[in-house]
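Asker: Structure in structure tokens, see below.
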Amino acid sequence: MKTRLLAILLLILTASQLRVSAQEETYKLDFGGQIGVSGYLGDASSSIFSHPGFSGGLSFRYLTDVRWSLRSLVNVLSISGDTDGMDDVFPGFARYDFKATVIEVQERVEFNFFPYGIGETYKRLRRWTPYLAAGIGLSVSTCSGQTNAGFNVPMAFGFKYKARPRLNLALEFSMTKVFSDHMDGPLSDLHQIKSSFARNTDWYSNISFSVTYEFGERCATCHYVD
């Protein structure tokens, strides 16, 4: 009888230990950085890939759940353009080229196509997922000694991979519409279309690679976060 009780007790302890070890810690915050290649689309460029520049920045996420997150970003981008070789030309075939530095602050909402994470098999988590993001922000450009600012709307598509339980890698392509026609300096539109809040404004792109690290462990017994 004692042998049976001891065996049952050992089985219970073993099962409990396996259950605890199988549980993965989950976190509600992550922080990291990104580097990449920026592009510009406006009066002095016909393609976002014509004049690539450098981009870099920092990001902070609040991980709402395995599908949704809120992400704050601060990026610095270099953009440039040149009207030489464009189909549209200035009167008298005048040429305009520029180089500018853009600082942007953005607040985005991100949606993962698949439940993202490691462990917790009952949620069918995946270590990788495509995702979409959109938000609002502010862009400040310095060009030819002038500083111009405008609200922006970023739209992004990317791919995340969880290399380790707390380490995330991501590749992302984003397009940002700026509600200003002066990210490229004092350049006037070739077609003499008056700028407005939603018309004749500048765009820039960013292809970035990011590395982020999760922290802020969730309460393991707070089931409402599931």
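The values are calculated or read from the model by the stated rules, or taken from the named source; none is laboratory data. Just so it is clear, the structure is predicted and the values come from calculations on it, not from any experiment. Counting neighbours? That spans all protein chains shown, and the Cβs are built from the backbone with ideal geometry, glycine included. Note: accessible area is taken over every heavy atom of the protein model, side chains too, but ligands, DNA and RNA are not part of it. Shrake-Rupley method; radii C 1.70, N 1.55, O 1.52, S 1.80 Å.
Asker: State, to one decimal in nm, how far the label point of residue 209 lies from the label point of residue 134, with both points 7 Å from Cα in the Cβ direction.
Answerer: Between residue 209 and residue 134, the label points sit 3.0 nm apart.
Asker: What FRET efficiency would be calculated for the residue pair residue 58, residue 175, taking the C-beta separation as r and a Förster radius of 22 Å, to the nearest 0.05? Mind dumping the intermediate values first?
Answerer: Working: r = 20 Å, r/R0 = 0.93.
With R0 = 22 Å, the Cβ-Cβ based efficiency is 0.60.
Asker: Take residue 123 and residue 46, extend 7 Å from each Cα along the Cα→Cβ direction, and tell me the distance between the two endpoints in nm.
Answerer: Those two pseudo-labels are separated by 4.9 nm.
Asker: In a shell of Cβ-Cβ distance under 11 Å around residue 129, excluding residue 129 itself, what net charge do Lys and Arg (+1) and Asp and Glu (-1) give?
Answerer: +4
Asker: Next question. Once both labels are modelled 7 Å past Cα along the beta-carbon direction, what's the residue 37-residue 65 spacing in nm?
Answerer: Simple spin-label model gives 3.8 nm for this pair.
Asker: Let me ask another. Local charge sum around residue 98 (other residues, Cβ-Cβ under 9 Å, Lys/Arg +1, Asp/Glu -1)?
Answerer: Value of the local net charge: -2.
Asker: How much accessible area does residue 27 have with a 1.4 Å probe, in Å² rounded to the nearest 10?
Answerer: 20 Å²
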